[in-house]
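**Q** Structure below; questions to follow.
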Amino acid sequence: MSRDSLAGSVSKVDCRATFRPSGEARVALYRHLSPMSVNAIMRILPVNSRINAQPGMRCLITSLAVGVEKPKTSFVRGDVGLLASGGLICIFLQEVRSDRPLNPLGKIDEGIEFFEQAKPGDTVRLALIEPSPAGQSVDEKT
């Protein structure tokens, strides 16, 4: 089964961010926002990352090397973006206007409180959620 068929839809890619031992958040990435960036993320998943805490956002440190794509500088609570210059996947906890443009990626569907509680250096595992044949999500793709 290809990674594209795991997405469950043409645009939406469901992911799970697991914080041990506290819980998990559901992250929805949308290909139409930044197709090359979302596809690059899908190729590296699952990824274990450390949290980088910034005012108004939490960032996942990755090894992504992608260019700027459909950049934005204004984000609201729950938005997910990619800082292409540093390979950081950023989760916005409040309305933020960034000095640097980020590639928009998607939204936090549920569990944003786990990102709010995360401290610098905490680990998080970001993985795809496989859709079941009936369309409901099941265990992550490893």
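**Q** For V76, all conditions in the list (1) in contact with a Phe, Trp or Tyr (Cβ under 7 Å, 6 or more places away or on another chain); (2) buried (at least 16 other Cβ atoms within 10 Å of the Cβ); (3) of a type in the set (A, V, I, L, M) hold save one; what is the number of the exception?
**A** Unmet for V76, out of (1) in contact with a Phe, Trp or Tyr (Cβ under 7 Å, 6 or more places away or on another chain); (2) buried (at least 16 other Cβ atoms within 10 Å of the Cβ); (3) of a type in the set (A, V, I, L, M): (2).
**Q** For residues in segment 22-38 being among the polar types (S, T, N, Q) and crowded, with 17+ Cβ neighbours inside 10 Å, which is farthest from the chain's Cα centre (by Cα)?
**A** Here the answer is S34.
**Q** Is there any pair linking a residue in segment 29-43 that is over 11 Å from L82 (Cα atoms) to one that is basic (K, R) and surrounded by 15 or more Cβ atoms within 10 Å (Cβ to Cβ), with Cβ under 7 Å and at least six apart or on different chains, and which?
**A** Close Cβ pairs satisfying both conditions: Y30/K12.
**Q** Another question, if that's okay. Name the residue, out of N52, N48, N39, that is polar (S, T, N, Q) and part of a helix (DSSP H, G or I).
**A** N39
**Q** Same structure, new question: Right, S85: farther than 20 Å from D122 by Cβ and free of Cβ contacts under 8 Å to residues at least 60 places away in the same chain or not?
**A** yes
**Q** How about segment 123-142: which of its residues are buried (at least 16 other Cβ atoms within 10 Å of the Cβ) and either among the acidic types (D, E) or at pLDDT 95 or above (or both)?
**A** Correct list: V124, R125, L126, A127, L128, E130, E140.
**Q** Now, a different point. Where residues in segment 65-122 are small (G, A, S) and part of a strand (DSSP E or B), which of them is modelled with the lowest pLDDT?
**A** Applying the filter and picking the extreme gives S98.
**Q** Sticking with this structure for a sec: For L60, which of the numbered conditions (1) of a type in the set (A, V, I, L, M, F, W, C); (2) part of a strand (DSSP E or B); (3) in contact with an Asp or Glu (Cβ under 7 Å, 6 or more places away or on another chain) fails to hold?
**A** Condition not satisfied by L60: (3).
The values are calculated or read from the model by the stated rules, or taken from the named source; none is laboratory data. A quick note: this is a predicted structure, and the numbers were derived from the prediction, not measured. Cβ coordinates were reconstructed from backbone atoms using ideal geometry, including for glycine residues, and neighbour counts include every protein chain displayed.
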